[in-house]
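The values are calculated or read from the model by the stated rules, or taken from the named source; none is laboratory data. What you are looking at is a predicted structure, and each value in this text was computed from that prediction instead of being measured. With ideal geometry, Cβ positions are generated from the backbone for all residues, glycine too; neighbour counts draw on all protein chains shown. Just so you know, the surface numbers come from the protein's heavy atoms only, side chains and all, with ligands and any DNA or RNA stripped out. Shrake-Rupley method; radii C 1.70, N 1.55, O 1.52, S 1.80 Å.
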Amino acid sequence: MANPWTGEVELTLDGERHVAKLTLGALAELEAGLGTGTLVELVERFEAGRFSTRDVVMLIVAGLRGGGWDGTAADLLKVEIGGGPVEAARAAAELLARAFTVPEAR
């Protein structure tokens, strides 16, 4: 089970539970993958509801890798995410929120 106090978010991939977390390493990987722009711009896109599917995939992959998953974006595109695209977007947004806020402040 995911621990929200440590920034964890739970996802189900092909019926198997996984824990995602945006560790410092995962955030660095995510920022490198953005190519242009910053994590702050990514957060702003989510806050404004202007995020792309690519943003969601990148966040989910970074979070899963931070949680110990060895997959890639190509691997994620081949699995069924429990709850579908809506759940993936919700989990991505939750990963960002948990990475950049103190739990008591929410």
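Assorted remarks:
- Selection from the stretch 18-41 of residues that are open to solvent by less than 40 Å² (accessible area, probe 1.4 Å) and either of a type in the set (D, E) or within 16 Å of G7 (Cβ to Cβ) (or both): H18, A20, L22, A26, L27, L30, L39
- Every residue from the stretch 62-106 that is of a type in the set (A, V, I, L, M, F, W, C), touching a strand residue (DSSP E or B) at 6+ places or on another chain (Cβ under 9 Å) and either open to solvent by 40 Å² or more (accessible area, probe 1.4 Å) or not in a helix (DSSP H, G or I) (or both): W69, V79, I81
- Pairs meeting the criteria (first residue in the stretch 78-103 and more than 12 Å from T53 (Cα to Cα), second residue modelled with pLDDT under 95 and open to solvent by 40 Å² or more (accessible area, probe 1.4 Å), beta carbons under 7 Å, at least 6 apart or on different chains) are R98/P4; P103/P4; P103/W5.
- Leading residue by the ranking (nearest to P85 (Cα to Cα)) among those in the stretch 13-61 that are outside any helix (DSSP H, G or I) and in contact with a strand residue (DSSP E or B) (Cβ under 8 Å, 6 or more places away or on another chain): L13
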